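Reviewing the structure listed below.
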């Protein structure tokens, strides 16, 4: 799986978040619903690495719920930066 594969997943994730600003979900939900919706073939481990990268870059936020599962959502303070990245396809 190459750079293009990772870039496709990263772009799909950020596009979904920008298009659905109120969205938030677990890794499993993201893999099953968000990427399936975008018809992106995926590997959960790769999606998790991409999510971790976005969290480190503060593009998305993670929070732990009472059931101890981690949920991810867009960092609204970074929405403009995300839109620029998507425009340049520099995710």
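The values are calculated or read from the model by the stated rules, or taken from the named source; none is laboratory data. This one's a predicted model, so the numbers in the text were calculated from it and none came from an experiment. Because the Cβ atoms are built from the backbone with ideal geometry, glycine has one as well, and the counts that use them run over all protein chains shown.
Could you pull out every one of the helices (runs of 4 or more DSSP H) wholly within the chain that has 3 or more residues that are at pLDDT 90 or above and out of contact with any helix residue (DSSP H, G or I) (no Cβ under 6 Å at 6 or more places or on another chain)?
Per the criteria, 44-56, 79-88.
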Exercise. If you take the residues of region 51-73 that are in contact (Cβ under 8 Å) with a residue 40 or more places away in the chain and under 15 Å from residue 29 (Cα atoms), which of them is farthest from the chain's Cα centre (by Cα)?
Worked result: 69
